[in-house]
Each structure stands twice: as structure tokens, then as C-alpha cells.
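First comes the structure, then the notes that go with it.
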Amino acid sequence: MEALVIGKPNVGKSLFTINFAAYLGAKQIPGPLSQSQGSLRKRSILSIDEARRRLVSPKSYRTLVPCRMEINLGQGREKKTLWLIDTTGIQEGVHHQAEIRAAMATTLAWLSKVDLVIHLVDATTLGSKRPAAIGAVDDEIYHYARGHGPYLLLANKTDKPGAQDNLPYLREHFAGISVIAVSALTGRGFREIKTLTLQYLNA
Amino acid sequence: MSERMRIDKVSVAGREEMIELLNNHESERPLTRQEVMALFQSGNLSAEQALRHLRQLENRPENGDPHCLRATFHNPESRRNRVDAVLHELDNLVGLKDVKHMIHEIRAYIEVQQKRQQLGLASSPTTLHMIFAGAPGTGKTTVARIIGRLFQTLDVLPKGQMLEVERADLVGEYIGHTAQKTRDVVRRALGGVLFVDEAYSLARGGDKDFGKEAIDTLVKAMEDQRDQFLLILAGYPNEMADFLSANPGLRSRFPIHMHFPDYAPSELMAIVRTMLAERQYQLTLEADRQLLDFLLRHHGQWHVNAGNARLVRNMMERAIRKQAGRLVTRLDSATRDELMTLIWADWEGEW
Ligand SMILES: Nc1nc2c(ncn2[C@@H]2O[C@H](COP(=O)(O)OP(=O)(O)OP(=O)(O)O)[C@@H](O)[C@H]2O)c(=O)[nH]1
Ligand SMILES: Nc1ncnc2c1ncn2[C@@H]1O[C@H](COP(=O)(O)OP(=O)(O)OP(=O)(O)O)[C@@H](O)[C@H]1O
Ligand SMILES: [Mg+2]
Ligand SMILES: [Mg+2]
């Protein structure tokens, strides 16, 4: 089963994907592609700590190539593979760099192919002008995904001050589905997401 | 571990083709997935527009995805959201107050009839054929397309596509040809909206004219393929009125009559500003003021074109070309701002 982690730039997709993968038992994370050597492209393998250092950044558009993490769940005959996919953030409007538009297009192309959409929003940005602020792109992802199949909407960074106060507003705004409060940093909400993911995986 | 992911192969059309696609897609057909991706990558669609297009593509039941069938037919909440989304698009059109009001009423009427039917009460038909009266460029085509989608989300029409035709598409050259041609057009419109522009031109040639045959064939299809398509006859208000009074049998088959008034200059300005914003252009203050001034001065003077959104769209497209001509000789030094800005000199000239 493939699960796509999607959201606006800098909402914490990469940190969530890495820490959630670790929570589910992953020990290694595929790193960025190394420069092509001849025609052969090699991906480095990172430890969880290295991945946090190299793939997470306070700047937007840190992730330009989707990163697919393999996670093995269950045992024996019940064994199942979950692919967690970290993607490039989607920003409203038209980005002026073609490279970033192409990266976002990859995310959009994946949206219809995956089995589970995990949509992250930054719970601390209500009303702000920061790139991670909840906006039209979030509304569109929500409208798209809820009609499409399994869909989880996570309000991230709830460890930060003020985030908790924003939750009622978020729940009202994204009516009709449950908005799960999480923190990619502290692991809040991971248990619930795991339970739901396993349900989808076994369905 | 896995391979690097690859994007769908998008057939990246040439820039010209792309602009063409953007300008015309409204009037032709919905974009395909490949087109949405190509337009997004080339910077001609915003991320939120691209997502919206992709969602609409998915929501069409004929692509056979079981999820969207579920969403379309069994999930009342998702249906309400999609109905609201279509109505939202309608409400976002500039002006057209009465038209919007009437469409909201139609929605309520349809939902009530469907509920009555569910509960076994007597219900009236929900395929409501329509007459649109208004000058060219007053939004008739745009509204017809929205109505197609509205009726699709309300489960009145299975597909909701819109086919726009005129006399030449319906009338043939010899006896029997017309009925065949018209039937073919109806077949293509099944499941959606058939929009006949300047419908009265079908009745112009008198009794010997094949136009009459086209009308008869359409009327017959309305009986035989009841509830399978929605017919909208459109044209100038006076001509439509004459046409209907000369064909009293027709009038009773079209329960809905909508009038599309000419746009006021301020509405035309609002339309231009929206169209520019969609294309990522802006007006200088001077150009904004001059253009409004121009529209005010000419209001009521172009007899047929007054209040015409298509006219301002053509003006805008010419201005965009003129701006390109102005900048192309010094592209290296042109800033992002300059590339986005249309000055008044780009607009000036004869219309
Ligand atoms: N306090 C707190 N900070 C977080 C949390 N999640 C992410 N961050 C921080 O937010 C910033 C962005 O995190 P990333 O994981 O790189 O965000 P992203 O969504 O992958 O960003 P792009 O790949 O650039 O789109 C980093 O500085 C993270 O440390 C969280 O739950 N709590
Ligand atoms: N109310 C409106 N708000 C925003 N844009 C509009 C509005 N009405 C029309 N437009 C734009 O103006 C253009 C012309 O509109 P449209 O084709 O619907 O007119 P029409 O009445 O069908 O004209 P014709 O009779 O010439 O076919 C389209 O590009 C449409 O998007
Ligand atoms: Mg990232
Ligand atoms: Mg038209």
C-alpha cells in the first residue's frame, strides 16, 4: 500500500514521514539521489538521525524529489508493506521556478495513484502569510481527497504554543472528517495514525 | 529501496498550443489529465486550479473508478459539497444577479422533487429545458456549462458535458440529411447539455427550409430521449421572443426562461480584471482608469456589442500580444513585474 504525505511547503511533511517511519520500525531512510555517475544513479542510505539532519529544513522546498520509504508491518503470512512517500510542498499560485513547478507536478501526479492520502497542515499558521499557512491549496486537497478514498488530515506542530487554540477552527473549516492533532517532533498522534493506517492496509 | 519516482509522461505541448488550449478550453471541452499537468508545469495553471481540474476529472463517473461512483451516488455529503462547489463557481461570475437567483431556485426545486420521489409522493420532471435570451458575450455559454455540471452533481444528467452547436451543425443539404445530422448531434449531447446558439436561425428560411426539419427532430428527441439530455435554445432577446411566438408548441416545452442583460461598464472591468488575474497579468493604474473610461464612453454605443464580455476578452488578448511585441526586443532586461504589466498603450486602438 502506498501512502502519500502531502501539504503546503514547510508544514513538516519530511519530519513527519521520517519520524513516523521510525515509529513504525524503519531503521534507514533513502537519502537524496547522488549525482549521476555515468548513467547509474545511486541513492544513499541514511540513518534516521542523518535523515532528520539532511532532509528537514526550516526553509521551504527542501524536498524536491519525492522520497519513498519502505516499511514492513505485520509478521509471517500477515506481512504487509507500506510505502510512505514524502513529497514536495504545494504552494498556491504559479511558482516562478520551473524546477519547483515540475517537482510539485510530480506530487499532483501521485495524488490519484496512491491508496492513502496523508494531508498535513501547520496548526500554528492560521491567518499568517507564511508559506505554510492554510490556504486554497489545502481546501482543494481536502475536496479532492475526501471524495477519492482513504484520507487522513493531520494538524501538525501542535507542540508549539497557540496551536491547540487553533484546532476548533480547523475542525470547523475542514468539516465532515476528523482532524487529527499531531506533532511530527514529539510523536503526538502517531498511535492513532498507525491504527488507522493498519485498518486501511488490512481492508 | 525503491527507484526514483517519475512523473506521468506529460505531452508537453508547445507554448502556443498551450495558450490556445487555455483560451479555448472553456468553450470546447474539459481539459484532459495530461493537459492539466502540462499547463501546470508550464506555469499557465495555478496549483489550486490544477487540483480542482484533477478533482473534476476524477469525479466523472464514466471513468469507471469505483470510488467516484460511490461518491456520486451514495454519499450525500460529498454530493452536497460538489453541488456547493458548482454553485460557488456560478456565484463567482460577475453580475448576472437574476440568473444566479433562478439557478439557486432550480437547485432547490430539483432536490425537493427528488426527495418527494424517494418518499413516494407525486413529483414533477427535473429535466428542465431552457431558453437563454441575451446578446453575444453576456455569459450564456459560460452559464450553460455550469448548468451541465450542476445537473450532473444533482444526478439529473449522467455526464453533464455541454455541446454548443449552431444552425450549420444541425441543418443538412438535402432532404433527410438534416434529420440525420440533428440526430447525430443529439446523440453526442446525450447525458449532458445541448446548447443551440441563435436558435431562431432554424426558423428563418420558411416552410421549405430544412431548418424546420431540425426543429422537428429536436422536438422528437425531447420526447424520445426524455430525461437524457437538456436542451438550451439561446439567442438575442428580440429574435428569441419572435421565434417562440411563431412556434407556440415550442414555448410550452421550455419551462425556464433566463434573461442575460448586457454588462455594465463596471462589470466589464471586473470581468477583465478576473481574466487578467487568471493569466497573471495586471493593469497599471493608468491603464485601469483609461480602460474604464473607454468602456463608459462607449457604453450603449456599440449597439450589439455593448456589454459584451467577449469583446473585452478580445481586447485583452490583443493587449497581451501588444505587450509581448513591446517587450520582446529587450527580453533580457525585462523584469517579472514588467512581464506581468499591461500599460494603456497596449490597449489603445480601434475597436
Ligand atoms: N515544533 C515543531 N516543528 C516542526 C514540526 N514538524 C516540522 N517542524 C519544523 O518545521 C520545519 C519544516 O519541516 P520539514 O519537515 O522540512 O517540512 P516539509 O513540509 O517537508 O517542507 P518542504 O519539503 O520544504 O515542503 C522544520 O524546521 C521542522 O523542524 C512539529 O511537529 N513541531
Ligand atoms: N459574468 C461573467 N463573469 C466573468 N467572466 C465572464 C462572465 N460572463 C462572461 N465571461 C467571460 O466572457 C467570455 C464570453 O462569455 P460567453 O462565451 O459565456 O458569452 P456568450 O453569451 O455565450 O456569448 P456568445 O453568444 O457570443 O457565444 C468568456 O470568456 C467568459 O469566461
Ligand atoms: Mg520536506
Ligand atoms: Mg457563447
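The values are calculated or read from the model by the stated rules, or taken from the named source; none is laboratory data. In this text, all values refer to a predicted model and were calculated from it rather than measured experimentally. Cβ sites come from the backbone with ideal geometry, for glycine too, and all protein chains shown count toward neighbours.
Scanning region A:56-76 for residues that are modelled with pLDDT of 85 or more, polar (S, T, N, Q) and over 16 Å from residue A:19 (Cβ atoms) turns up just one, A:72. For residue B:226, the criteria (1) at pLDDT 85 or above; (2) within 19 Å of residue B:179 (Cα to Cα); (3) under 25 Å from the mean Cα position of the chain (by Cα) hold in every case but one, which is (1).
Test of understanding: among B:166, B:223, which residue is farther than 30 Å from residue B:32 by Cβ and free of Cβ contacts under 8 Å to residues at least 60 places away in the same chain? Give the steps one after another, and end with the answer.
Details: B:166 fails: farther than 30 Å from residue B:32 by Cβ.
The match here is B:223.
When region A:54-63 is filtered for residues that are touching a strand residue (DSSP E or B) at 6+ places or on another chain (Cβ under 9 Å) and either part of a loop (DSSP other than H, G, I, E, B) or within 16 Å of ligand 2 (Cβ to nearest atom) (or both), only A:63 remains.
Of the residues in region B:120-131, at least one is under 18 Å from the mean Cα position of the chain (by Cα) and not aliphatic (A, V, I, L, M).
The residue that is surrounded by the most Cβ atoms within 10 Å (Cβ to Cβ), among those in region B:226-277 that are basic (Lys, Arg) and in contact (Cβ under 8 Å) with a residue 60 or more places away in the chain, is B:253. Scanning region A:62-94 for residues that are buried (at least 21 other Cβ atoms within 10 Å of the Cβ) and either of a type in the set (Val, Ile, Thr) or more than 7 Å from chain B (Cβ to nearest Cβ) (or both) yields a count of 11.
Suppose the filter is within 22 Å of the chain's Cα centre (by Cα), assigned to a helix (DSSP H, G or I), within 30 Å of residue B:160 (Cα to Cα) and among the polar types (S, T, N, Q); does residue B:238 pass it? The answer is no for residue B:238. Checked against the criterion of being among the aliphatic types (A, V, I, L, M), modelled with pLDDT of 85 or more and within 20 Å of residue A:137 (Cα to Cα), the candidates B:38, B:47 yield just one match: B:47. Taken over region A:143-195, the criterion of being touching an Asp or Glu at 6+ places or on another chain (Cβ under 7 Å), of a type in the set (Gly, Ala, Ser) and at pLDDT 95 or above is satisfied by A:183 alone.
Of the residues A:175, A:145, A:136, which single one is within 14 Å of chain B (Cβ to nearest Cβ), away from ligand 2 (no atom under 16 Å from the Cβ) and over 19 Å from the mean Cα position of the chain (by Cα)? Even if it seems obvious, please write down each step before you answer.
Details: A:145 fails: over 19 Å from the mean Cα position of the chain (by Cα); A:136 fails: over 19 Å from the mean Cα position of the chain (by Cα).
The match here is A:175.
Looking only at region B:32-42, residues that are within 13 Å of residue A:101 (Cα to Cα) and out of contact with any Lys or Arg (no Cβ under 6 Å at 6 or more places or on another chain) come to 6 in all. Here the helices (runs of 4 or more DSSP H) wholly within region A:125-203 that include at least 2 residues being exposed (fewer than 15 other Cβ atoms within 10 Å of the Cβ) are A:163-173, A:190-202. Pairs linking a residue in region A:47-61 that is more than 15 Å from residue A:87 (Cβ to Cβ) and within 14 Å of chain B (Cβ to nearest Cβ) to a residue that is more than 16 Å from ligand 4 (Cβ to nearest atom) and in a helix (DSSP H, G or I), with Cβ atoms under 7 Å and 6 or more positions apart or on different chains, are A:51/A:18.
Could you please find all residues in region A:99-119 being touching a residue at least 60 places away in the same chain (Cβ under 8 Å), out of contact with any Phe, Trp or Tyr (no Cβ under 6 Å at 6 or more places or on another chain) and more than 10 Å from chain B (Cβ to nearest Cβ)?
A:114, A:115, A:118, A:119
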